[in-house]
Amino acid sequence: MTDLSAVKAALKSQRIETPSWAYGNSGTRFKVFRQEGVPRNPYEKLDDAAQVHAATGVAPIVSLHIPWDLVDDYAALGAYAKERGLTLGAINSNVFQDDDYKLGSVTNADPAIRRKAVSYLLECVDIMDATGSRDLKLWFSDGTNYPGQDDIVARQDRLAEALSQVYDRLGDDQRMLLEYKLFEPAFYTTDVPDWGTSYAHCLKLGDKAQVVVDTGHHAPGTNIEFIVAFLLREKKLGGFDFNSRFYADDDLMVGSADPFQLFRIMHEVAKNGGLKQETGVAFMLDQCHNIEAKIPAIIRSVMNVQEATAKALLVDLDALGAAQRAGDVLEANAVLMDAYNTDVRPLLAEVRTELGLDPDPMAAYRGSGWATRITSERVGGEQAGWGA
Ligand code: PSV
Ligand code: MN
């Protein structure tokens, strides 16, 4: 039997981090469709994030992307966030939008370019000091397009050296989260293509280096929950970049393409202690909203994570364990499916009411008038977007 009050408590204490870039304009390499009312700077992105938190009650953390969120004074940005009940979360580094990085950043054959990339990453740690951020998220677009283009092993050596320089700069309470991605923009080899490569580097670096699982960064059919379970067992799961994919790295709303997969992931998280704050798993979104309204899409995404979490928490672990020990394949599967097939929306509505929130976050946002306000107030100036 599951203890409903424990389930509710876990749902109330879950924290979901929203990405600053999801509030800005985005698109494909073919077209960016601009939307009205989009923030023009990191401060306005925080204003929008505060609306997501107001509607959901579980999204008080905002990840930044540097240099997309460049400001003169990060401590002031942190203070601005605090006034709105928010904190600044992971600092996402960006060593992929500079001409120098055409053939790679930290794995580039040119030592001067490697030095430039590392010094930029060290600056990101300075920013973390100012914002109070715990996590430096590292994603490298580094790789090659053609067989023979560069030496695969030499690139791993350069990567290891750069990572260790950055690792040594981390403070006691700071972490380095190493993200992997199967391909894109490199088409032949990617220097951190999978969780195994990330894990191996993190293991050598030490406890402050952990793997981040971006749900969109796998080959079709990959069993992501296995990766999650393995990393949790090894205490190496730093967090998630949640999104959904149909084909490649589509960056759609988490839980929209395959809610069952999200449930399976959250089942491993819940069962293996990943929801406890001390485990340190960061539940971040990494999405972009190209054709749908951004703030409601982020609210919907937060709700999708909550629904998968609620279902995972409803799994009767005693019954599951008993069926597994008895070798009762059908019963074990049925226990899991019972939880998945539960409609958790009434439970989440109750949780929200108990938190003093509107039971329906989408309706709460619609009723807030925020969309009309930003459309009329945010006129002129340069809308934020990739590279801005
Ligand atoms: C790369 O595809 C990635 O997932 C990394 O996390 C980047 O920082 C992010 O996307 C940018 O949206
Ligand atoms: Mn990501």
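Between V213, V228, V254, which is free of Cβ contacts under 8 Å to residues at least 40 places away in the same chain, among the aliphatic types (A, V, I, L, M) and open to solvent by less than 20 Å² (accessible area, probe 1.4 Å)?
None of the other options fit; the residue is V213.
Among Q277, Q287, Q306, which is the only one that is within 16 Å of ligand 2 (Cβ to nearest atom) and closer than 24 Å to A50 by Cβ?
Q287
Within 14 Å of ligand 1 (Cβ to nearest atom) and either modelled with pLDDT of 95 or more or under 21 Å from N243 (Cβ atoms) (or both): is that true of I66 in this structure?
Spelling it out, I66 is indeed within 14 Å of ligand 1 (Cβ to nearest atom) and either modelled with pLDDT of 95 or more or under 21 Å from N243 (Cβ atoms) (or both).
Here's a check for you: in segment 279-337, which residue that is β-branched (V, I, T) and touching a Gly at 6+ places or on another chain (Cβ under 6 Å) is least open to solvent (accessible area, probe 1.4 Å)?
So, considering only residues that are β-branched (V, I, T) and touching a Gly at 6+ places or on another chain (Cβ under 6 Å), the one least open to solvent (accessible area, probe 1.4 Å) is V281.
Can you tell me which of D135, D249, D194 is within 16 Å of ligand 2 (Cβ to nearest atom) and modelled with pLDDT under 95?
D249
L11 - would you say it is touching a helix residue (DSSP H, G or I) at 6+ places or on another chain (Cβ under 6 Å), assigned to a helix (DSSP H, G or I) and surrounded by 16 or more Cβ atoms within 10 Å (Cβ to Cβ)?
Here the answer is yes, as L11 does meet what is asked.
So is A186 within 16 Å of ligand 2 (Cβ to nearest atom) and modelled with pLDDT of 95 or more or not?
Judged against the criteria, A186 is a match.
Can you find even one residue in segment 198-207 that is within 16 Å of ligand 1 (Cβ to nearest atom), of a type in the set (A, V, I, L, M, F, W, C), touching a residue at least 40 places away in the same chain (Cβ under 8 Å) and under 30 Å from A109 (Cα atoms)?
no
If you take the residues in segment 62-79 that are among the aliphatic types (A, V, I, L, M) and touching a residue at least 60 places away in the same chain (Cβ under 8 Å), which one is nearest to I291 (Cα to Cα)?
Among those residues, the one meeting the criterion is L64.
Does I127 fit the bill of being touching a residue at least 40 places away in the same chain (Cβ under 8 Å) and in contact with a Phe, Trp or Tyr (Cβ under 6 Å, 6 or more places away or on another chain)?
yes
When you look at A55, is it in contact with a Leu (Cβ under 8 Å, 6 or more places away or on another chain) and within 16 Å of ligand 2 (Cβ to nearest atom), yes or no?
Criteria not met by A55.
Among the residues of segment 70-108, which ones are among the hydroxyl-bearing types (S, T, Y), more than 22 Å from P185 (Cβ to Cβ) and in a helix (DSSP H, G or I)?
Once the filter is applied, which keeps residues that are among the hydroxyl-bearing types (S, T, Y), more than 22 Å from P185 (Cβ to Cβ) and in a helix (DSSP H, G or I), segment 70-108 yields Y74, Y80.
The values are calculated or read from the model by the stated rules, or taken from the named source; none is laboratory data. This structure is a prediction, so every number in the text was calculated from the model and none was measured. Neighbour counts are summed over all protein chains in view; Cβ atoms, including those assigned to glycine, are modelled from backbone coordinates with ideal geometry. These accessible areas exclude ligands, DNA and RNA; they are computed on the full protein's heavy atoms, side chains included. Shrake-Rupley method; radii C 1.70, N 1.55, O 1.52, S 1.80 Å.
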